[in-house]
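A quick write-up on the structure given underneath.
The values are calculated or read from the model by the stated rules, or taken from the named source; none is laboratory data. This structure is a prediction, so every number in the text was calculated from the model and none was measured. Neighbour counts are summed over all protein chains in view; Cβ atoms, including those assigned to glycine, are modelled from backbone coordinates with ideal geometry.
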Amino acid sequence: MDFRDLRYFEVIAAEGNLARAAERLHRTQPALTKCIDRLEESLGAKLFEKDGRGMRLTAAGHVLAGRTRQMAIMVEETAREMQDHAGGLRGNVRIGCLPTLAEHLLPAVFGQLLAQAPGIGIGLTVAMNDNLLAGLREGELDLVAGPMPEDDPDIACEQIAEDTVVVMASENHPVFDGPRTLASLLDYQWMLPARTVASRQWLDQTFERHGLARPRVQLESNVLNMIVPILETTPLLGFVTRVNLVARRARVREVVLPEAQMKRRLGLAYRRNGYLSPVAARVAAILRERGKDLLAL
């Protein structure tokens, strides 16, 4: 297989249309058709099938598309590694981070990093764990600081900190006026992240394990640093890291209920067989060192 054919195949697969792919690649449609023919002959499998006016991947095509993306990441990382050998502690690093760590840990990390390497560039993505891990797998991020994935063959992870996620409400919320049980929490509406987020899944499953309905969500948001300010001024309940109670002077209180306390390990994740540039390796080292700052909160 020719690597250029694989690169063209990746664009054709993404566009699902030869005309659009030809325009994007500045090649003719017949040239791209020959590219597909060569790959199919080499692999002994059909890669595309017609889909109306376009085309879609076959099962074999989906397999090749995944492999092609992995090869593209490897080529990109090889080029970066060669440049890094010449440049030392320079270049760019792309970091994904959970909102809790971005607020309470990254300021000290970046202060230390930029003092040691003032010429580097940093791309920071703050998001929930599902989006962060997807970006890491796709080669869009070099490192992720956040919840630790379980048994992922493509991602290596090491614990750097831990926290506890608890139910919170405004300090004058009526939930504090009487006895509190999981069932009593269902009397109120909630503000929670999307169902793809690990903390939301854990909370939903906790209620279900006790034979109860899931919390009623009135406000769903992926901007977690807004949860505490919103809880302060609304009758909503939230599920937020306990770190916020210590690090902020917030007008919220924990709704103390042991069965609704989620112990969470926070880790440093990177692709298992990926390349960590000197800058990324330095960030990882600082995160390991600074993780204990979060534990002290």
Sole residue being more than 15 Å from T241 (Cβ to Cβ) and among the aliphatic types (A, V, I, L, M), chosen from L141, L192
L141
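Scan the range 271-281 and give yes if some residue there is assigned to a strand (DSSP E or B), within 29 Å of G91 (Cβ to Cβ) and in the same structural domain as P153 (by TED's automatic domain parsing), otherwise no.
Yes: one or more hits.
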Note on the range 103-126: residues in contact with a helix residue (DSSP H, G or I) (Cβ under 8 Å, 6 or more places away or on another chain) and either farther than 17 Å from S277 by Cα or in a helix (DSSP H, G or I) (or both) are E103, H104, L105, A108, V109, Q112, L113, Q116, T125, V126
Out of all the residues in the range 183-200, which are surrounded by 14 or more Cβ atoms within 10 Å (Cβ to Cβ) and either touching a Leu at 6+ places or on another chain (Cβ under 6 Å) or assigned to a loop (DSSP other than H, G, I, E, B) (or both)?
L186, Y188, Q189, W190, M191, P193, A194, V197, R200
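Which one is modelled with the lowest pLDDT among residues in the range 245-265 that are under 30 Å from A156 (Cβ atoms) and touching a helix residue (DSSP H, G or I) at 6+ places or on another chain (Cβ under 7 Å)?
Only one residue tops the list, namely A247.
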Taking the stated definitions as given, is L268 aliphatic (A, V, I, L, M), part of a loop (DSSP other than H, G, I, E, B), at pLDDT 90 or above and at negative phi?
no
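Rundown of residues vs (1) assigned to a helix (DSSP H, G or I); (2) of a type in the set (D, E); (3) in the same structural domain as N273 (by TED's automatic domain parsing); (4) under 30 Å from N273 (Cβ atoms), yes/no style:
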position	(1), (2), (3), (4)
A22	yes, no, no, no
L32	yes, no, no, no
D37	yes, yes, no, no
S42	yes, no, no, yes
A45	no, no, no, yes
M55	no, no, no, no
A60	yes, no, no, yes
V63	yes, no, no, yes
R69	yes, no, no, yes
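Yes/no per residue for (1) outside the structural domain of E220 (by TED's automatic domain parsing); (2) within 18 Å of A198 (Cα to Cα); (3) at pLDDT below 90:
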position: M74; (1), (2), (3): yes, no, yes
position: T78; (1), (2), (3): yes, no, yes
position: G96; (1), (2), (3): yes, yes, no
position: E103; (1), (2), (3): yes, no, yes
position: L124; (1), (2), (3): yes, no, no
position: M128; (1), (2), (3): yes, yes, yes
position: V144; (1), (2), (3): yes, yes, no
position: V167; (1), (2), (3): no, yes, no
position: H173; (1), (2), (3): no, no, no
